[in-house]
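Supplied in structure tokens, the structure appears directly below.
What follows draws every value from the coordinates through simple rules; no lab data is involved. Keep in mind it's a predicted model, so treat the numbers as computed, not measured. Cβ placement follows ideal geometry from the backbone for every residue including glycine, while neighbour counts extend to all protein chains displayed.
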Amino acid sequence: MKKVNLALVGATGMVGSEFIKILEEKDFPIENFYPFSSERSAGKKILFKGKEYEVEELKEDSFEGKDLDMALFSAGGEISRIYAPLAAKAGALVIDNSSYWRMDKDVPLVVPEVNPDDIRDAKVGIIANPNCSTIQAMVVLKPLYDKFGLKRVIYSTYQAVSGSGVKGVEDLEEGVKGNPTGFYPHPISYNCLPHIDSFLENGYTKEEMKMVNETHKILGDEKIRVTATTVRVPVKNGHSESINLEFDKEFDIKDVFEVLKKADGVEVMDNPQENIYPTAIYADGKDEVFVGRIRRDFSVDNGVNLWVVADNIRKGAALNTVQIGLKALEMGVVK
Ligand SMILES: NC(=O)c1ccc[n+]([C@@H]2O[C@H](COP(=O)([O-])OP(=O)(O)OC[C@H]3O[C@@H](n4cnc5c(N)ncnc54)[C@H](OP(=O)(O)O)[C@@H]3O)[C@@H](O)[C@H]2O)c1
């Protein structure tokens, strides 16, 4: 596989640190590595593949003269808005973790197990990584969609504080000691907040609408009726989701198990009599999306309930991005 010159924007953040771990674990083929941050962390040393690198402050001319092949962005929407096109202009295939480019019609939104071929449609040199809570849902929903069709999806999420970055984790850790930092609008310790990202005029949060819109875009089907309630819970890492589905077709629950057992990237953990079902603590540090509590919803004709759990920083962010990068290399999409 071709070795790439790689920029990592947001290298000192929660997701950026996970990127570094996963790029090492997956032995990503790298020739030259360029970590970037804001001026706050510039000059900091990062150990990557046994070598020390100094973090550079991100500036408008940062990508020039580096012969970049790929740039991974994880520093928030505003940074991606300004700098992702500059990296693409400098020749890099950008894989962006922020929400800024996700719904742009020229930017594919990719989960490698679900829609890898969309990688070829990166018309402006940018590929978007979906929202963490959407990614784990898509890995499970796509094989069911292919087999049974989807009429309606109801998402209810239980999302970890690591999804808010370093400051979210601090607020929980300090909060349980009685000193909340006030990062969230209410205490997050011993509490649940039905509030992730900002509120929109329609009464939903941005996070909820991301799940709705991204489901349509990734599955390429606007007809599926989707709704979501997203909740921040006092869990350090790992998002859990209750997903209620209504299929187009009649089904046998045994076939749902069979489809999910064969699905790429999915692990079925379902033996409630033995207390076997996925939890956030179990999923922490693992690559797979775990699904359990698989059971018929008796209140509608073709309904199913699922409990879906994944490490939001790994599969929900850094791992999915690195997998997109590896796929792009395999497909020869990187110049
Ligand atoms: N956490 C998740 O579960 C998750 C999942 C999916 C996507 N994301 C997305 O990933 C991004 C980062 O999230 P995070 O959780 O890693 O946040 P974080 O821990 O707060 O880290 C933010 C990173 O961005 C850098 N940064 C901030 N302002 C910058 C600037 N002006 N120029 C260059 N770099 C700048 C920071 O550098 P300094 O060290 O210098 O401040 C740091 O490296 C966000 O877009 C988030 O929406 C997060």
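How many percent of DSSP beta bridges within the range 69-218 run antiparallel, rounded to 5?
10
Over the Cα atoms of the range 133-312, what Rg and Dmax result, in angstrom?
16.7, 52
Normalising by the residue count of the chain, find the relative contact order in percent from Cα pairs under 8 Å and 6+ residues apart.
18
Let me ask another. Which of Leu141, Leu72, Leu200 moves most in a GNM of the chain, Cα contacts under 10 Å?
Leu200
Okay, moving on. What residue among Glu208, Glu52, Glu113 has the largest mean-square fluctuation in a Gaussian network model of the chain, using Cα springs under 10 Å?
Greatest mean-square fluctuation among the candidates belongs to Glu52.
What residue among Lys45, Lys254, Lys210 has the largest mean-square fluctuation in a Gaussian network model of the chain, using Cα springs under 10 Å?
Lys254
Restricting the count to DSSP beta bridges whose residues both fall in the chain, what percent are antiparallel, rounded to a multiple of 5?
Antiparallel: roughly 50 percent of the beta bridges in the chain.
Let me ask you something else. Tell me, what is the percent relative contact order of the range 1-45, built from C-alpha pairs under 8 Å that lie six or more residues apart?
Relative contact order here is 53 percent.
Quote the relative contact order of the range 133-312 in percent (integer), defining contacts as alpha-carbon pairs under 8 Å separated by 6+ residues.
29
While we're here: Write down the percent of antiparallel bridges among all DSSP beta bridges whose residues are both part of the range 133-312, to the nearest 5.
Bridges in the range 133-312 that DSSP calls antiparallel: roughly 70 percent.
In addition: So what's the back-of-envelope 222 nm ellipticity for the chain, counting only DSSP H runs of four-plus at -39500 (n - 2.57) apiece and dividing by all residues, rounded to 500?
My calculation for the chain gives -8500 deg cm²/dmol from helical runs alone.
I would also like to ask the following. Straight-line reach only, C-alpha to C-alpha below 30 angstrom: list the lysines that Lys249 could link to, leaving out same-chain residues fewer than 8 apart.
Leaving aside lysines fewer than 8 places away in the same chain, those within reach of Lys249 are Lys142, Lys147, Lys151, Lys210, Lys217, Lys223, Lys261, Lys262, Lys315.
Let's test the formula: R0 of 22 Å, r as the Cβ-Cβ distance of Lys167 and Thr279. What FRET efficiency results, to the nearest 0.05?
0.35
Can you give the direction-averaged projected area of the convex hull of the alpha-carbon atoms in the chain, in nm²?
17.8
Give me the net charge of Ser74's neighbourhood, meaning all other residues with Cβ under 12 Å from the Cβ of Ser74; Lys, Arg count +1, Asp, Glu -1.
The answer is -2.
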